[in-house]
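The values are calculated or read from the model by the stated rules, or taken from the named source; none is laboratory data. Given the structure is predicted, the values throughout are model-derived calculations rather than measurements. We place every Cβ from the backbone using ideal geometry, glycine too, and count neighbours over all the protein chains shown.
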Amino acid sequence: MFCHSAETLKMKIDIHTHILPNDLPDLKEKFGYGGWISVERENGETVMKKDGRFFRSIKPNCWDHNIRLKECEKSKVDVQVLSTVPIMFSYWAKSKDTLALSRILNDDIARVVQNKPKKFIGMGTIPMQDTDLAILELERCINDLGFAGIQIGSNINGKNLNEDCFFPLFEAASELGCAIFIHPWEMMGENQINKYWLPWLVGMPAETSRAICSMIFGGIFERLPNLRVAFAHGGGSFIGTIGRVEHGFNVRPDLCALDNNINPSNYLGKFWVDSLVHDEDAFRLLLKKMGNKKIALGTDYPFPLGEIEPGKLIDDMNYSQEIQDRFFYKNALEWLGLSEAKFK
């Protein structure tokens with residue numbers, strides 16, 4: 001078992017990390033139309049571009065798993081859960097092309113995991129715009145690649161996750177014991193709030209709350225009680241607004257309780273969130289609302305909006321060893337459906 005001292009167990013599983021292949025093919029050339037992400041090396045820098053327009057700079061730790069291992073050792077993270085960068089979801093594209101890209105990304109993650117199976121856990125990406133193809137790739141991720149789950153966006157081309165077309169996917173995930181990580185992307189109103197990085201600072205928290213509310217009000221958790229779902233960024237703005245959500249449900253059931261008449265607050269503690277809230281008071285509220293069994297360490301590695309020192313916020317709050325163990329690895333294992341024995 002991972003220990004950093006003889007007396008105290010300090011295993012850390014980071015459920016929220018992103019990775020890209022070392023070599024991404026020219027997707028515009030491969031599929032015959034634009035809109036795709038390219039990764040280009042220029043002037044000693046590596047940048048992601050969309051149709052030639054700058055998206056973000058990335059460092060080698062985004063694709064080089066050996067650098068990841070060294071940085072994990074330095075930060076005392078024992079295991080990373082790997083998922084693609086959300087801009088790669090590509091739900092806007094032709095579904096067969098998104099499937100082809102998903103397989104490229106998933107096969108790359110599988111190679112990294114197979115090389116270091118006690119250091120990395122795989123989460124696949126799937127073409128959510130086509131439920132049949134999405135289920136096929138979901139099954140391949142779990143049955144053939146040995147992944148613990150999948151990562152999906154907070155909405156699919158503007159459709160909320162409660163839409164009937166997505167339910168067979170969630171049903172298949174539940175039957176396969178597949179964990180789901182929901183990450184905000186294609187933020188509502190993004191084009192109106194581009195200045196000041198507001199899509200990331202305001203839009204992403206709202207998007208995550210949108211996804212949670214959609215799944216609660218849509219009855220997804222009620223119909224699939226064994227579905228294991230985790231939401232990024234501490235559940236976004238949902239925890240801070242659950243009182244408003246509950247009040248709205250109580251005073252206007254004619255608008256809110258259309259598909260599920262169970263109080264939204266009843267679902268607190270029935271899904272997971274990562275710990276990435278950046279603030280002790282926010283974390284205390286998260287813990288008060290969610291309980292200590294549904295919060296798992298997540299850092300958004302290797303990007304700067306993540307937690308630069310993994311677990312520091314939790315460490316600084318001086319919880320008991322038992323509670324820390326829950327945050328640092330036990331809750332993650334329960335969400336992933338894995339046992340501690342896998343990592344001994």
Taking first residues from segment 188-200 that are among the charged types (D, E, K, R) and second residues anywhere that are part of a helix (DSSP H, G or I), the pairs with Cβ under 8 Å that are 6 or more apart or on different chains are 190/199; 190/203
For segment 162-175, the count of residues that are buried (at least 16 other Cβ atoms within 10 Å of the Cβ), out of contact with any Cys (no Cβ under 9 Å at 6 or more places or on another chain) and of a type outside the set (S, T, N, Q) equals 5
Checked against (1) under 16 Å from residue 89 (Cα atoms); (2) over 19 Å from the mean Cα position of the chain (by Cα); (3) of a type in the set (A, V, I, L, M, F, W, C), residue 141 satisfies every condition except (2)
Residue check for residue 109: among the β-branched types (Val, Ile, Thr) and surrounded by fewer than 21 Cβ atoms within 10 Å (Cβ to Cβ): no
Reported set for segment 304-315 where residues are buried (at least 17 other Cβ atoms within 10 Å of the Cβ) and not β-branched (Val, Ile, Thr) is 306, 307, 310, 311, 313
Is it the case, given these coordinates, that residue 119 is surrounded by fewer than 15 Cβ atoms within 10 Å (Cβ to Cβ) and either touching a residue at least 24 places away in the same chain (Cβ under 8 Å) or within 18 Å of the chain's Cα centre (by Cα) (or both)? no
Residue 318 meets each of (1) loosely packed, with under 13 Cβ neighbours inside 10 Å; (2) touching a residue at least 12 places away in the same chain (Cβ under 8 Å) with one exception, condition (2)
Checking 257, 282, 296 in turn, the sole residue that is among the aliphatic types (A, V, I, L, M) and farther than 15 Å from residue 235 by Cβ turns out to be 257
Selection over segment 166-195 where residues are hydrophobic (A, V, I, L, M, F, W, C), under 15 Å from residue 91 (Cβ atoms) and out of contact with any strand residue (DSSP E or B) (no Cβ under 6 Å at 6 or more places or on another chain) yields a count of 4
**Asked** Is it the case that residue 296 is surrounded by fewer than 21 Cβ atoms within 10 Å (Cβ to Cβ), of a type in the set (Gly, Ala, Ser) and touching a residue at least 40 places away in the same chain (Cβ under 8 Å)?
**Response** no
Taking residue 275 as the residue in question, decide whether it is crowded, with 21+ Cβ neighbours inside 10 Å and either over 22 Å from the mean Cα position of the chain (by Cα) or of a type in the set (Ser, Thr, Tyr) (or both). yes
Filtering segment 100-116 down to residues that are among the polar types (S, T, N, Q) and touching a residue at least 40 places away in the same chain (Cβ under 8 Å) yields 106, 115
When restricted to 137, 71, the only residue in a helix (DSSP H, G or I) and buried (at least 18 other Cβ atoms within 10 Å of the Cβ) is 137
Within segment 176-194, the residues that are surrounded by fewer than 21 Cβ atoms within 10 Å (Cβ to Cβ), of a type outside the set (A, V, I, L, M) and at pLDDT 95 or above are 177, 186
Of 230, 282, the only residue that is assigned to a strand (DSSP E or B) and either out of contact with any Phe, Trp or Tyr (no Cβ under 6 Å at 6 or more places or on another chain) or surrounded by 21 or more Cβ atoms within 10 Å (Cβ to Cβ) (or both) is 230
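Rundown of residues vs (1) over 17 Å from the mean Cα position of the chain (by Cα); (2) more than 28 Å from residue 53 (Cα to Cα), yes/no style:
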position: 88; (1), (2): no, no
position: 114; (1), (2): yes, yes
position: 153; (1), (2): no, no
position: 158; (1), (2): yes, no
position: 164; (1), (2): yes, yes
position: 172; (1), (2): yes, yes
Residues of segment 107-132 being in a loop (DSSP other than H, G, I, E, B) and of a type in the set (A, V, I, L, M, F, W, C), in sequence order, are 126, 128
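Conditions tested, residue by residue: (1) closer than 18 Å to residue 301 by Cα; (2) out of contact with any Lys or Arg (no Cβ under 6 Å at 6 or more places or on another chain); (3) surrounded by 15 or more Cβ atoms within 10 Å (Cβ to Cβ).
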{"position": "43", "(1), (2), (3)": "no, yes, no"}
{"position": "57", "(1), (2), (3)": "yes, yes, no"}
{"position": "63", "(1), (2), (3)": "yes, yes, yes"}
{"position": "78", "(1), (2), (3)": "yes, no, yes"}
Within segment 83-99, residues surrounded by 17 or more Cβ atoms within 10 Å (Cβ to Cβ), more than 18 Å from residue 154 (Cα to Cα) and touching a residue at least 60 places away in the same chain (Cβ under 8 Å) come out as 97
